[in-house]
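Below: one structure, written as structure tokens.
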Amino acid sequence: MLDLYFKFGTEVIAIRIDGTNLTFSKVQGNWVKYAPIEGLRFSKEGILKEFPDLKDKPFEEMKRIAIQRFKEHIKKLQDEEKIAEYLKQDLAKHGYDLLAIHKKGFRPIVVK
């Protein structure tokens, strides 16, 4: 199990990788509550940036297909380290900076 901590503006975002399952959280002090990807807010513009072929679909269907494609891509990676590297590179394109990586049973590694 890996926890990745990213900074976006003044927010700290945590992503937990457990096998090929991902959960997401907004860190508030010492409080972290993880939720599945379906609990995240999505924008039509953000989805269309990644999947322009979905432009003619209604928003809810567009969101469902985008989440399904994302989960399929993560399952293809199969390794927590590869998933972490993919998330690090992908989120960097959107302005997220990796702060730390914490592997279960080890001390956190501070990146910045």
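FYI, it's all coordinate maths here, none of it is from the lab. From a predicted model like this one, the values you see are computed outputs, not experimental measurements. In this analysis, Cβ positions are derived from the backbone assuming ideal geometry, glycine residues included, and neighbour counts consider all displayed protein chains.
On a 0 to 90° scale, report how tilted helix 59-77 is relative to the longest principal axis of the chain, with both axes built from alpha carbons and the result rounded to the nearest 10.
Helix 59-77 sits at roughly 50 degrees to that axis.
Given an 8 Å cut-off on Cα distances and at least 6 residues of separation, report the relative contact order of segment 22-112 as a percent. All intermediate terms of the calculation are to be shown ahead of the outcome.
Details: 51 pairs, mean separation 11.4, N = 91.
Relative CO of segment 22-112 lands at 12 percent.
Would you mind ranking Ser43, Ser25 so that the residue whose beta carbon has the fewest other beta carbons within 10 Å leads the list?
Numbers: Ser43 10, Ser25 18.
Placing the least packed residue first, the sequence is Ser43, Ser25.
Helix 80-92 against the longest principal axis of the chain: what's the angle in degrees, Cα atoms only, rounded to the nearest 10?
Its long axis makes an angle of about 70 degrees.
Just flag the trypsin sites (Lys or Arg not before Pro) in segment 17-111 sitting in loop per DSSP whose Cβ has no more than 12 other Cβ atoms within 10 Å.
On the way: sites: Lys26, Lys33, Arg41, Lys44, Lys49, Lys55, Lys63, Arg64, Arg69, Lys71, Lys75, Lys76, Lys82, Lys88, Lys93, Lys103, Lys104; in loops: Lys33, Arg41, Lys55, Lys93, Lys104.
Of the trypsin sites (Lys or Arg not before Pro), the ones in loops of segment 17-111 whose Cβ has at most 12 other Cβ atoms within 10 Å are Lys33, Arg41, Lys55, Lys93, Lys104.
Starting with the fewest neighbours, write out Arg16, Arg107 ranked by other beta-carbon atoms found within 10 Å of each beta-carbon. Write down the numbers at each step before the final one.
Working: Arg16 17, Arg107 7.
In increasing order of surrounding Cβ atoms, one gets Arg107, Arg16.
Just how far, in whole angstrom, is segment 1-25 from segment 47-104 if you go by their alpha carbon centroids?
First find each Cα centre; the distance between them is then 12 Å.
With the dipole of segment 18-112 worked out from charges on the C-beta (+1 for Lys and Arg, -1 for Asp and Glu) around the Cα centre, which of Pro58, Ile47, His102 lies farthest toward the positive end?
After comparing all options, I get His102.
Among Thr20, Thr10, rank each residue by its count of other Cβ atoms within 10 Å, from fewest to most, as a rough exposure measure.
Numbers: Thr20 14, Thr10 5.
Lowest count first: Thr10, Thr20.
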